[in-house]
1. Given 0.36 nm per residue, what is the gain on full extension from Ala49 to Lys70 after removing their alpha carbon distance, in nm?
2. Of all the C-alpha pairs in region 27-136, what % are more than 19 Å from each other?
3. How much length is gained on full extension from Gln56 to Ser102, taking 0.36 nm per residue of separation minus their Cα-Cα distance?
4. What is the Cα centroid distance between region 60-120 and region 32-51, reported in whole angstrom?
Amino acid sequence: MKKVVLFLLILSGFAACNQKQAETPDTALDTGREFIRASLNGDFEKASALILSDSQNVQLFDSYIVFYKKLSDDKKKGYKEASYEINKYLDVDDSTTLINYSNSFMNKPMDIKLVRKNKKWAVDFKYTYSGNLPID
C-alpha cells in the first residue's frame, strides 16, 4: 500500500513538472497573447511570470498592479470581460517582436515589446512607457 501511494506521489510530481513546462509559451505571439489576457483578467501572478526580469520592469509592473487594484469593481469587470485584437505584429529581429493590440473595453491601441533572452520570450514592460520602437 505504501509503495502505491509513493508511486502515485512521484507520478503526480512528474506530471506537475511537465505541466509547468507546457505552460511556458514558445513564441513571441503566444507570450504576448498570454500576457495581454492575464493582464486584462488581473491575473498578475501569471503576467509577472512573463515579464522580463530586470529591476525597471519589475518596478513598473508593480506600480501597474497597485494602479489596477485601485480601479473600481466595474472597471475590473470590464477588463476581465474584454476581448482583445492584435492589430499589428512585427518581428524587429530574431529576438525582438512588437505587438500592437487593443481591447474592447478601452478601444485604445497599445504596444508591447517582447524580447527573447536565454531561449525564452518575455515582455519588456518598460517599453509600454518609453515606446522606443513604435509600430507604424
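1. Details: separation 21, 0.36 × 21 = 7.56 nm, distance 2.19 nm.
Length difference between fully extended and current span is 5.4 nm.
2. 41
3. 14.1 nm
4. Measuring centre to centre over Cα atoms gives 8 Å.
Only the coordinates and a few stated rules stand behind these numbers; no lab work does. It should be emphasised that the depicted structure is a prediction, and the values quoted were computed from it without experimental measurement.
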